[in-house]
1. Answer yes or no: is there a residue in the range B:266-286 that is more than 30 Å from residue B:478 (Cβ to Cβ), without any contact (Cβ under 8 Å) to a residue 60 or more places away in the chain and outside any helix (DSSP H, G or I).
2. Of all residues in the range A:75-86 being assigned to a helix (DSSP H, G or I) and touching a helix residue (DSSP H, G or I) at 6+ places or on another chain (Cβ under 7 Å), which is surrounded by the most Cβ atoms within 10 Å (Cβ to Cβ)?
3. Specify the residue that is farthest from residue B:419 (Cα to Cα); the eligible residues are those in the range B:174-200 that are more than 9 Å from every other protein chain (Cβ to nearest Cβ) and at pLDDT 85 or above.
4. Could you pull out every one of the helices (runs of 4 or more DSSP H) wholly within the range B:30-146 that has 3 or more residues that are more than 30 Å from residue B:470 (Cα to Cα) and without any contact (Cβ under 8 Å) to a residue 60 or more places away in the chain?
5. Residue B:205 fails exactly one of the following numbered conditions: (1) away from chain A (no Cβ under 13 Å); (2) modelled with pLDDT under 85. What is the number of that condition?
6. Test of understanding: among B:456, B:433, B:446, which residue is surrounded by fewer than 18 Cβ atoms within 10 Å (Cβ to Cβ) and either farther than 21 Å from residue B:48 by Cα or more than 10 Å from chain A (Cβ to nearest Cβ) (or both)?
7. Kindly establish whether residue B:348 is over 26 Å from residue B:406 (Cα atoms) and at pLDDT below 85.
8. Could you check how many residues of the range B:397-411 are surrounded by fewer than 22 Cβ atoms within 10 Å (Cβ to Cβ), in a helix (DSSP H, G or I) and more than 7 Å from chain A (Cβ to nearest Cβ)?
């Protein structure tokens with residue numbers, strides 16, 4: 001399934017590269033390099049698809065990382081409205097309580113301290129200038 | 001300037017209080033983070049890179065180099081004590097390190113690792129110092145076609161010499177090259193592959209890419225597999241290796257240092273390959289090869305020495321030719337570029353403080369590694385009590401801040417999350433991530449040098465054959481690849497096959 005997605009991606013790259021202008025092998029244009037690569041990727045993906053798939057299966061356990069990805073995107077969205085500290089603490093609490101099965105006290109304590117300390121380190125000491133709230 | 005003068009000025013740079021502080025911090029933080037189960041050296045470097053961006057270039061690389069060997073050593077600790085390899089190169093460590101722990105000789109194992117690493121690193125750095133100037137001079141005399149061939153060579157070696165499916169590695173290399181091309185075309189300035197996004201016009205930045213792929217990706221993978229529960233702390237009886245241990249291992253260390261040095265200089269060398277080859281070589285030379293895999297301390301010493309020797313010598317192609325030979329150094333390359341320092345033949349003349357300062361600092365860093373680790377082993381072992389369920393969220397938060405701080409952009413954080421998802425999926429399907437990041441970094445170099453070569457030759461592909469150095473390299477590459485492929489086929493039941501079977505990914 002991944003290989004199929006990659007093949008689609010390669011196709012998109014080929015189309016985009018063609019639009020930018022390919023030139024020739026001897027006088028390459030901007031699109032030549034990505035086009036050649038995407039073509040190679042397409043061929044390799046085709047071969048990989050034809051072979052028997054190896055690697056792990058997706059089970060219900062995969063919901064754990066998927067939910068984490070969802071929370072990460074939620075964090076990014078929430079940052080614009082709520083700043084760093086609250087969404088960050090929520091994110092950490094989610095990971096510890098839901099994924100890590102820690103207790104409420106531990107999760108909240110570590111979340112608040114961790115988010116606060118990291119924010120301080122990066123925003124004040126290293127000048128990243130994030131929005132606190 | 002003679003070499004000794006240059007080296008002296010390098011030490012002047014390395015011995016300033018700031019740089020001493022940062023090499024110490026780098027080694028310490030690298031070791032601490034590196035010992036957390038699950039994070040390999042590449043992930044650690046990626047995560048900690050943003051901390052260095054406010055520093056001078058020389059200081060930044062000095063700190064990053066410290067983080068590098070700190071992380072490599074740190075990764076050995078869970079490998080030896082718990083049998084948990086953090087990355088592919090510590091898989092070989094587990095083979096004899098873990099049995100030693102079970103015999104109650106964990107302290108010896110850890111101590112010999114520290115000493116072997118130190119000696120291997122020192123030999124490598126001496127070699128590096130001697131070779132640096134001649135190589136930089138050679139590098140100055142080569143042109144676009146040669147650089148193109150060398151970079152191709154480096155990428156091919158990583159693809160073909162990795163464990164796991166070559167085809168998968170190749171597809172990831174192609175993907176990495178494509179992702180490296182997103183943004184402005186370096187020669188014509190045309191915008192490509194951005195899908196209309198303004199944020200992507202300057203390309204995908206190395207930090208979100210690397211932090212996402214290795215850091216976030218690893219944590220996503222761990223979230224599925226279940227977290228390390230902190231049960232690994234072991235009581236250490238003896239912290240230092242005994243005299244008997246030293247006698248048993250000193251020849252192994254000497255052999256491995258030399259071997260590791262040469263393998264590390266080669267494109268694709270450094271880390272896994274050198275440790276595997278040294279281990280296999282030591283087993284060949286041993287009078288009792290059946291001990292290997294059951295707690296042969298000379299086998300362990302050989303792997304560790306070679307590993308550190310090659311880690312240090314792999315700086316040679318980076319500093320002199322501007323070509324990172326392995327994923328960890330690809331990140332260093334990215335870090336240097338962020339500081340507007342372009343590694344390569346001109347580094348030695350344009351930024352001699354960076355060049356010689358880094359080399360001098362490597363001597364110091366290796367010393368710090370030894371000095372820190374022998375006494376602090378017990379403290380580090382205590383850190384193994386930390387549960388991943390608490391550490392992983394902290395790492396995510398640090399990663400988010402780090403990525404954000406590079407360009408003050410939440411878009412970058414989004415890129416990192418996407419790359420994290422990609423890294424997770426790739427690991428599930430059995431892909432190794434090494435070729436992806438190396439290709440991402442080498443892609444722009446390859447493309448630019450190819451197009452420059454075409455301009456030079458006015459469109460003729462024969463330029464690669466006509467220039468003797470380029471042709472020579474192509475021949476070496478072909479012979480080398482064929483030789484290694486047939487060598488692997490002939491050797492059955494080597495440790496490398498066991499590492500493939502255990503399915504660890506390369507970081």
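1. Yes; the residues of the range B:266-286 include at least one that is more than 30 Å from residue B:478 (Cβ to Cβ), without any contact (Cβ under 8 Å) to a residue 60 or more places away in the chain and outside any helix (DSSP H, G or I).
2. A:75
3. Here the residue is B:180.
4. Because the criterion is at least 3 residues that are more than 30 Å from residue B:470 (Cα to Cα) and without any contact (Cβ under 8 Å) to a residue 60 or more places away in the chain, the helices (runs of 4 or more DSSP H) in the range B:30-146 that meet it are B:57-82, B:88-102.
5. Condition not satisfied by residue B:205: (2).
6. Values: B:433 fails: surrounded by fewer than 18 Cβ atoms within 10 Å (Cβ to Cβ); B:446 fails: surrounded by fewer than 18 Cβ atoms within 10 Å (Cβ to Cβ).
The conditions single out B:456.
7. yes
8. Looking only at that region, the number is 3.
The values are calculated or read from the model by the stated rules, or taken from the named source; none is laboratory data. All values reported here derive from a predicted model rather than from experimental measurement. In this analysis, Cβ positions are derived from the backbone assuming ideal geometry, glycine residues included, and neighbour counts consider all displayed protein chains.
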